[in-house]
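One structure is given here, and the rest of the page talks about it.
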Amino acid sequence: METIYAIGKRKRAVAQVTLKEGNGEIKVNGKNPNDYFGRDDLLRYIESPLKIIKSDTQFNVTATVMGGGISGQAGALALGISRALLKVDADNRKVLKSNGLLRRDPREKERRKCGRKKARKSFQWTKR
């Protein structure tokens, strides 16, 4: 099997994922995902596409993640891994889609408007 590339995005984070045949090793920016993310819920979310299609010991994942925070980066990485697995075998689509792993989460931070404190929050209003 050749090397497979995919990109995942979430919020302001972008993950470039490389998938190769291997023993299930995952590297994020050259580090172990435990050291990079440090939260168990994010680690489970990253590994979920591989575990759902029961190939968590078949592929090595190497990812470059940039932008956003750790939660957005984990979401981008999960989407990138899912898209790469889709390129490996198109039959994985039904399982991944039913678990919501192929949908790019469209929620982003709303921009700040002028004349306001934040995107929607106003300054304190006084009557007199």
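Taken over the stretch 12-62, the criterion of being in contact with a Ser or Thr (Cβ under 8 Å, 6 or more places away or on another chain) and in a helix (DSSP H, G or I) is satisfied by Leu42, Pro49. Filtering Val88, Val28, Val95 for residues that are in contact (Cβ under 8 Å) with a residue 60 or more places away in the chain and either open to solvent by less than 20 Å² (accessible area, probe 1.4 Å) or more than 14 Å from the chain's Cα centre (by Cα) (or both) leaves a single hit, Val88. The listed residues are Asp105, Asp56, Asp41, and the only one of them that is among the charged types (D, E, K, R) and either crowded, with 20+ Cβ neighbours inside 10 Å or in contact (Cβ under 8 Å) with a residue 40 or more places away in the chain (or both) turns out to be Asp105.
Within the stretch 63-80, restricting attention to residues that are open to solvent by 20 Å² or more (accessible area, probe 1.4 Å) and in a helix (DSSP H, G or I), the residue that is nearest to Leu102 (Cα to Cα) is Ser71. Considering (1) part of a loop (DSSP other than H, G, I, E, B); (2) modelled with pLDDT of 95 or more; (3) surrounded by 19 or more Cβ atoms within 10 Å (Cβ to Cβ), the lone condition that Arg112 does not fulfil carries the number (3).
The values are calculated or read from the model by the stated rules, or taken from the named source; none is laboratory data. Just so it is clear, the model here is predicted, and its values are computed rather than measured. No Cβ is skipped: glycine too gets one built from the backbone with ideal geometry, and neighbour counts run over all protein chains shown. Areas reflect the complete protein model, heavy atoms only, side chains present, ligands, DNA and RNA absent. Shrake-Rupley method; radii C 1.70, N 1.55, O 1.52, S 1.80 Å.
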